[in-house]
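K.L.:
Before I ask anything, here is the structure I am working with.
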Amino acid sequence: MPFGNSHNQLKMKFSSEQEYPDLSKHNNHMAKVLTPALYEKLRSKQTPSGFTLDDVIQTGVDNPGHPFIMTVGCVAGDEETYEVFKELLDPIIQDRHGGYKPTDKHKTDLNPSNLKGGDDLDANYVLSSRVRTGRSICGFCLPPHCSRGERRAVEKLSVEALGALTGDLKGKYYALKNMTEAEQQQLIDDHFLFDKPVSPLLLASGMARDWPDARGIWHNDNKTFLVWVNEEDHLRVISMQKGGNMKEVFNRFCTGLTKIEELFKNKGHAFMWNEHLGYVLTCPSNLGTGLRAGVHVKLPNLSKYRQFEEILKRLRLQKRGTGGVDTAAVGGVFDISNADRLGFSEVELVQMVVDGVKLLIVMEKRLEKGQAVEDLMPAQK
Amino acid sequence: MKSWLKDESQTRSTFIWRDLVCFYRVQMASSFARILSSKRKVGILSLVGAGSLTVGFFLNREQHVNAGAHVRRIYPASAEYPDLRKHNNCMASHLTPAVYAKLCDKTTPNGYTLDLAIQTGVDNPGHPFIKTVGMVAGDEESYEVFADIFNSVIKERHNGYDPCNMKHPTDLDSSKIRGGQFDVKYVLSSRVRTGRSIRGLSLPPACTRAERREVERVVIDALAGLKGDLAGKYYSLTLMNEQEQQQLIDDHFLFDKPVSPLLTCAGMARDWPDARGIWHNNEKTFLVWVNEEDHTRVISMEKGGNMKRVFERFCKGLQEVERLIQEKGWEFMWNEHLGYILTCPSNLGTGLRAGVHVTLPRLSKDPRFPKILDNLRLQKRGTGGVDTAAVGNTFDISNLDRLGQSEVQLVQTVIDGVNYLIECEKKLERGQDIKIPAPISQFK
């Protein structure tokens, strides 16, 4: 909760045992790591803005599990959360991000010319290509914890910065609370509009407070570059287009992001980043690159192949329904994207998606013709 | 101590000094509140009675109002003021920028703030059927510390009742009830509910897990002491087995995690289902919900039209539970201006909703039905509760008012009113005309 941790003083009057949450039916990363001893050690701490341990874990306490994925079960309220509560968050990060150690360093690479290929994914199978990430602005609390004043300041700053983009990136901002009916319908038709979160994972962490105050959508005139303001993160940056030209999508992504970062710097605001965690975002699952590069791809045969899950695992890819993380696939069309976020650079992750999806399509074509695919089984990346 | 108070109200001290002073004062004020409910002081409580408790709270008022622990504020109140232009709830009607600026830096001794209190009203602009209150209390002191907004909201919601200069009558003497046995051709069931809060522990929007568990412990300890037709059993939501759960669902007793955003935005569903549960007597006519929207919700009900008996059991059960918690040094939150203190301002006073499920096929189609209800100080709901519309011809009819009249008065109002409605229905059956009754006066 925002505005100080005066509440934390109240909790300290009770013993740690009395306050410790009941996690016996829970299955998320937080529940796997938190112990009574660790809770006792960390519960009196707070970040400079007043975010406390209970604030970090509330979403994990309220949401024991998820049908499709192992959820993280905690969030950050500000940049310092990852430092003050590192004894809880480091093991969670390690578990979630494939063994990433507290001493590891994360590399950032937003140079699109380092990507090999990716401009020719078969459009008979790949319906659309998309790359997204998030960015947080230094000096402001994150969505679970920010006050209305802070959130509005983030919006104002973002609108000014985005307003300075030119060329094919030039665009317009639509504040959620001022949108006309016509604008709203257009954004829905373009699949751009985000709505108040309904996922209890997000609601329980306080991210939907004061909706729709200071939330909005910016997109360029070409509708290929999109920024969400104050949804789950300060900014979510999305580059997308129909078809299989992932290279072009990634080019625009990198160009746009770099320009935006420069514009923010000109206003005296950097993005939250450090050499250990990379880009700092609200959910620990999005640390590092915060990048999810994916395609909507038709794999009706491959998805029924008994080794489908194993293939994805080896390629370091994950599948989702075309409705997003909380949905199942419909009609053989899947959202396939990188499973990793931290410990690999942006270029490396997009490369994995490009190479992986190419292989999946080859296998799909084989199975269509009734041919075997065992010889194509990839090695673990 | 006094000079610190004066300083505090005049200047905004440096961070470190203020933090130390506030931390100390928070400790002091909190332990004062605890002393009131401490087991050791049971003797003193029974000696001096409710009067000096009110005095004690009045003495403490100065401390509460200034007992702000450190409130992190980088932006001025004007930058934090919520956008309420599309809102239609009681909070939005009365929270002006000036009131917000006055209260936004204050906290209760437990650390509850204005922003926490109004969050539900900011997040929920309106409701299709009713004008919602739009704010909640996090503890007993909220009603004092944030009186400037609560009093206006209370006045609007409770028909002009002014907490500053009016007193609320409490009367749980069921022998005063006249009549109260309805014609079962029309009345399917009768029910009376209220809530009670345990003094010294924060309310559901703000309570910590330990506090919530303490509420559960205190309440089930007391309920275990009930005897005779009130003897019963507690079913904890975390421990209940499949069979018990199914039985409770079949009995229409089971409450589930709130889905209404009015409640979830206020933080009442945190840590679900920890320390939540249902207690009921063996005869299934007296039921207590623990840690749902209030510390306790107490319900007396039965099929048929014997409202008098329902209310008798209600009063007896409530008084017994109160006696049992007092034996252990606890008491209910109550004061002479606001009556029983509950989470939502709409439930202050008696917190009482006495109602029936009644079939009125002809009357419900008569265009005068709403006006008749209004004049009788009654409200209709669907049989699914406040967020539902009526289905068919069966309605949930109950009292509109909560504060400013006693329990006996409100139940009598329902009895007299429902009798009138049944008379109207019978008249329409016989082809006779009905009359809109004269409006009943409020605040008897």
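The values are calculated or read from the model by the stated rules, or taken from the named source; none is laboratory data. All values derive from a computational prediction rather than experimental measurement. Methodologically, a virtual Cβ is constructed for each residue, glycine included, from the backbone with ideal geometry; neighbour enumeration extends over all protein chains shown.
K.L.:
Return the only residue of A:Ala379, A:Ala328, A:Ala372 being in a loop (DSSP other than H, G, I, E, B), within 28 Å of A:Ala204 (Cα to Cα) and more than 15 Å from the chain's Cα centre (by Cα). Spell out how you get there, then give the answer.
P.N.:
Values: A:Ala379 fails: within 28 Å of A:Ala204 (Cα to Cα); A:Ala372 fails: within 28 Å of A:Ala204 (Cα to Cα).
Testing whether each residue is in a loop (DSSP other than H, G, I, E, B), within 28 Å of A:Ala204 (Cα to Cα) and more than 15 Å from the chain's Cα centre (by Cα) leaves just A:Ala328.
K.L.:
Does any residue of region A:252-263 turn out to be farther than 23 Å from A:Thr166 by Cβ, assigned by the TED database to the domain that holds A:Thr166, touching a residue at least 24 places away in the same chain (Cβ under 8 Å) and surrounded by fewer than 18 Cβ atoms within 10 Å (Cβ to Cβ)? If you could, list the steps in order and put the result at the bottom.
P.N.:
Our first condition is that a residue be farther than 23 Å from A:Thr166 by Cβ; within region A:252-263, this holds for none.
So far as region A:252-263 goes, no, none of its residues is farther than 23 Å from A:Thr166 by Cβ, assigned by the TED database to the domain that holds A:Thr166, touching a residue at least 24 places away in the same chain (Cβ under 8 Å) and surrounded by fewer than 18 Cβ atoms within 10 Å (Cβ to Cβ).
K.L.:
Only one of (1) free of Cβ contacts under 8 Å to residues at least 12 places away in the same chain; (2) within 14 Å of chain B (Cβ to nearest Cβ); (3) closer than 28 Å to A:Val350 by Cα fails for A:Pro197. Which number is that?
P.N.:
Checking A:Pro197 against (1) free of Cβ contacts under 8 Å to residues at least 12 places away in the same chain; (2) within 14 Å of chain B (Cβ to nearest Cβ); (3) closer than 28 Å to A:Val350 by Cα, the one that fails is (1).
K.L.:
Any idea how many residues of region B:183-224 are within 12 Å of chain A (Cβ to nearest Cβ), within 17 Å of the chain's Cα centre (by Cα) and either polar (S, T, N, Q) or on the phi < 0 side of the Ramachandran plot (or both)?
P.N.:
6
K.L.:
Out of the residues in region A:6-28 that are closer than 30 Å to B:Lys106 by Cα and charged (D, E, K, R), which is farthest from the other protein chains (Cβ to nearest Cβ)?
P.N.:
At the first step, the residues of region A:6-28 found to be closer than 30 Å to B:Lys106 by Cα are A:6-16, A:18-21.
Adding the requirement that they be charged (D, E, K, R) leaves A:11, A:13, A:19.
Values: A:Lys11: 5, A:Lys13: 7, A:Glu19: 5 Å.
Restricting to residues being closer than 30 Å to B:Lys106 by Cα and charged (D, E, K, R), the top hit is A:Lys13.
K.L.:
Restricting attention to region A:68-84, does a residue exist that is part of a helix (DSSP H, G or I) and in contact with a strand residue (DSSP E or B) (Cβ under 9 Å, 6 or more places away or on another chain)? Quick ask: steps written out before the conclusion?
P.N.:
The first filter runs over region A:68-84 and keeps only residues part of a helix (DSSP H, G or I), leaving A:81-84.
Imposing the further condition that a residue be in contact with a strand residue (DSSP E or B) (Cβ under 9 Å, 6 or more places away or on another chain) reduces the set to A:82, A:84.
Checking region A:68-84: at least one residue is part of a helix (DSSP H, G or I) and in contact with a strand residue (DSSP E or B) (Cβ under 9 Å, 6 or more places away or on another chain).
K.L.:
If A:Ala182 satisfies every condition in (1) without any contact (Cβ under 8 Å) to a residue 24 or more places away in the chain; (2) farther than 30 Å from B:Val259 by Cα; (3) within 14 Å of chain B (Cβ to nearest Cβ) but one, which is the exception?
P.N.:
For A:Ala182, the exception is condition (3).
K.L.:
Moving on to the next point. Check A:Leu88, A:Leu42, A:Leu23 and return the single one that is under 30 Å from A:His269 (Cα atoms) and touching a residue at least 12 places away in the same chain (Cβ under 8 Å). Quick ask: steps written out before the conclusion?
P.N.:
On the way: A:Leu42 fails: under 30 Å from A:His269 (Cα atoms); A:Leu23 fails: under 30 Å from A:His269 (Cα atoms).
None of the other options fit; the residue is A:Leu88.
K.L.:
Is it the case that region A:29-48 has a residue that's outside any loop (DSSP other than H, G, I, E, B), within 13 Å of chain B (Cβ to nearest Cβ) and touching a strand residue (DSSP E or B) at 6+ places or on another chain (Cβ under 8 Å)?
P.N.:
Yes: one or more hits.
K.L.:
Would you point out the residue of region B:84-97, among those that are surrounded by fewer than 18 Cβ atoms within 10 Å (Cβ to Cβ) and in contact (Cβ under 8 Å) with a residue 12 or more places away in the chain, that is nearest to the other protein chains (Cβ to nearest Cβ)? Can you show your working first?
P.N.:
Keep residues of region B:84-97 that are surrounded by fewer than 18 Cβ atoms within 10 Å (Cβ to Cβ), which gives B:85-86, B:88, B:93, B:96-97.
Subset that is in contact (Cβ under 8 Å) with a residue 12 or more places away in the chain: B:86, B:88, B:93, B:97.
On the way: B:Lys86: 8, B:Asn88: 16, B:Ser93: 18, B:Pro97: 13 Å.
Residue satisfying both the conditions and the ranking: B:Lys86.
K.L.:
Restricting attention to region A:291-313, which residues are closer than 21 Å to A:Lys381 by Cβ and exposed (fewer than 15 other Cβ atoms within 10 Å of the Cβ)?
P.N.:
First pass over region A:291-313, keeping only residues closer than 21 Å to A:Lys381 by Cβ: A:291-295, A:297, A:299, A:302-303, A:305-313.
Answer for region A:291-313, where residues must be closer than 21 Å to A:Lys381 by Cβ and exposed (fewer than 15 other Cβ atoms within 10 Å of the Cβ): A:Arg306, A:Gln307, A:Glu309, A:Glu310.
K.L.:
Is there a residue in region A:158-176 that is of a type outside the set (A, V, I, L, M), over 17 Å from the mean Cα position of the chain (by Cα) and within 21 Å of A:Asp78 (Cα to Cα)? Don't jump to the end; show me each part of the working.
P.N.:
Step one: list which residues in region A:158-176 are of a type outside the set (A, V, I, L, M), which gives A:158, A:160, A:163, A:166-168, A:170-174.
Remaining after also requiring over 17 Å from the mean Cα position of the chain (by Cα): A:158, A:160, A:163, A:166-168, A:170-174.
Then keep just the ones that are within 21 Å of A:Asp78 (Cα to Cα); that gives A:158.
For region A:158-176, residues of a type outside the set (A, V, I, L, M), over 17 Å from the mean Cα position of the chain (by Cα) and within 21 Å of A:Asp78 (Cα to Cα): present.
K.L.:
Moving on to the next point. Restricting attention to region A:49-66, report how many residues are within 11 Å of another protein chain (Cβ to nearest Cβ) and surrounded by fewer than 20 Cβ atoms within 10 Å (Cβ to Cβ).
P.N.:
Matching residues across region A:49-66 total 1.
K.L.:
Right, here's the next one. Just one of (1) surrounded by 14 or more Cβ atoms within 10 Å (Cβ to Cβ); (2) farther than 30 Å from B:Cys104 by Cβ; (3) without any contact (Cβ under 8 Å) to a residue 24 or more places away in the chain trips up A:Leu169, so point out which.
P.N.:
(3) is the only condition that A:Leu169 fails.
This table checks each residue for (1) assigned by the TED database to the domain that holds B:Leu324; (2) touching a Lys or Arg at 6+ places or on another chain (Cβ under 6 Å); (3) in a loop (DSSP other than H, G, I, E, B); (4) touching a residue at least 24 places away in the same chain (Cβ under 8 Å).
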| residue | (1), (2), (3), (4) |
| --- | --- |
| B:Cys164 | no, no, yes, yes |
| B:His168 | no, no, yes, yes |
| B:Leu188 | yes, no, no, yes |
| B:Arg191 | yes, no, no, yes |
| B:Pro205 | yes, no, yes, yes |
| B:Ala222 | yes, no, no, yes |
| B:Gly225 | yes, no, yes, yes |
